[in-house]
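Notes to accompany the following structure.
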Amino acid sequence: MKTRLHRTTVTVLCLAAWALAAGQDSGTTLKQAWEKHFLVGAALNPNVVSGKDSAAAAIVKAQFNTITAENAMKFGPTHPKSGEYNFKLADEFVDYGTKNGMAVIGHTLVWHAQTPRWVFQDGEAKAGRDTLLARMRDHIMTVAGRYQGRIHGWDVVNEAFDDDGTLRKSPWLNGIGEDFIEKAFTFAAEADPKAELYYNDYNVWKPEKAAAVIRLVKDLRSKGIRVDGVGEQAHWGFSYPKNGELKAMLQAFREAGIKVHITEMDISVLPNPWDYQGADIGKRFDELPGTNPYTEGLPDSVQAKLADRYAELFGIFLEYDDIVERVTLWGVDDGHSWLDYFPVRGRTNYPLLFDRQYRPKPAFDAVIRAAGTGK
Ligand code: XIL
């Protein structure tokens with residue numbers, strides 16, 4: 001009897017601890033704390049969607065009201081070969097979001113990365129403008145068309161600019177010309193007239209890039225082409241962007257009448273001797289001595305620094321909540337962050353709001369407090 005009672009107590013305690021860790025306690029959740037200001041979301045991988053990663057799935061249901069597929073809706077996974085589409089993971093993701101009443105973000109239709117080689121080839125030669133435009137149109141009509149009416153917004157074009165504000169020399173630009181962007185937006189509006197349409201990039205806070213993106217949106221709008229907002233990916237660090245730089249970006253978009261989405265937020269806590277600030281997935285560095293210092297856990301001082309950084313950034317989003325529509329974190333928990341393999345493979349990073357045991361971190365509490373509600 002005594003053993004049984006004891007076992008029950010232990011079970012109850014374990015369940016309570018797990019529920020707390022999964023954000024199921026009665027405390028304020030992220031989506032509640034920020035509901036008057038903007039949507040709060042996360043990028044999901046297939047194990048979260050299927051429920052195999054049940055702890056992450058519980059966090060998502062409790063905490064977030066918008067979701068993005070970390071990879072499942074990209075060109076490579078959905079359209080691996082000419083004429084061959086594969087929608088298994090994308091369908092499961094969109095169904096999951098729809099069922100749970102979340103704003104589902106489509107990411108992404110036109111990007112130079114994670115796009116198969118065949119798209120840009122014509123046999124041995126490079127595909128020409130007409131072929132590329134036909135492929136782009138077919139891809140957008142098929143993918144965005146499939147989910148018509150179920151997607152809150154699409155990242156139509158991803159990362160078309162370099163940091164200096166010139167157009168990236170991508171195969172889309174090289175093959176089609178500068179109007180590849182407006183063509184993509186035109187096709188997307190046709191494929192899903194109700195979905196919001198975004199231009200998405202990293203380092204939009206760099207002034208030359210912000211200016212270029214604003215010029216692009218104004219130019220498209222002047223031609224009657226719909227662009228509903230701009231995504232800043234927000235793969236950031238402790239020292240960048242400076243708060244003043246972020247505010248200057250948000251101010252510029254406010255003055256231009258353009259809504260902003262913070263689309264892929266994470267804050268790297270690891271040393272960055274390369275002084276690399278971008279998120280170009282083709283970029284890799286070799287590990288240097290001392291650049292992977294927290295393999296055994298994050299010291300309290302760094303944990304606190306991360307919480308402060310999240311608090312100040314969300315404080316700025318709050319100041320600009322008239323134009324900030326959404327903040328999406330690029331992952332749920334530290335154990336599944338792409339920053340463990342970017343821009344250096346095999347490090348241990350701590351960039352998100354939940355730790356490797358799925359427990360809310362001090363950064364989570366800081367984000368809740370930054371809204372001025374609860375806790
Ligand atoms: C990343 C994913 O997180 C990784 O799993 C994948 O291996 C590479 O792409 N900018 C984007 C995202 O727009 O799609 C990228 O996601 C991160 C940088």
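Where a number appears in this text, it was derived from the coordinates with a stated rule and is not lab data. Just so you know, these numbers come straight off a predicted model, no measurement behind them. Neighbour counts are summed over all protein chains in view; Cβ atoms, including those assigned to glycine, are modelled from backbone coordinates with ideal geometry.
Values computed for the structure shown
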| read-out | value |
| --- | --- |
| MRE, 222 nm, helices only [DSSP H, n ≥ 4, -39500 (n - 2.57), over the chain, to nearest 500] | -12500 deg cm²/dmol |
| Evaluated over the range 30-370, the Cα radius of gyration and Dmax, each in Å | 19.3, 57 |
| Amide proton proximity set for GLY331, modelled H, under 5 Å, gap of 5+ | ALA43 |
| Reciprocal mean inverse distance between Cα atoms of the range 279-364 - Kirkwood radius, Å | 14.4 Å |
| The chain: angle of helix 207-222 to the longest principal axis, Cα-based, in degrees nearest 10 | 60 degrees |
| Beta bridge orientation in the range 30-370: antiparallel %, DSSP, nearest 5 | 10 percent |
| Derived scalar couplings ³J(HN,Hα) [the range 244-250; Karplus, 6.51 cos²θ - 1.76 cosθ + 1.60; whole Hz; x for Gly, Pro] | x, 5, 5, 5, 4, 4, 5 |
| Nearest 10 degrees, 0 to 90: helix 129-146 Cα axis against the chain principal axis | 40 degrees |
| Rounded tilt (10° steps) of 2-21 against the dominant C-alpha axis of the chain | 30 degrees |
| Percentage relative contact order, the range 30-370, counting C-alpha pairs under 8 Å, at least six apart | 17 percent |
| Cα radius of gyration and Dmax for the range 46-188 (Å) | 16.3, 51 |
| Cleavage-rule hits, trypsin sites (Lys or Arg not before Pro), the range 127-235, DSSP coil, Cβ neighbours within 10 Å at most 13 | LYS169, LYS194, LYS223 |
| Length released on extending from GLU255 to ASP275, taking residue separation times 0.36 nm less the Cα-Cα span | 4.1 nm |
| Taking N as its residue count, the alpha carbon Rg of the range 200-252 over 2.2 N^0.38 Å | 1.21 |
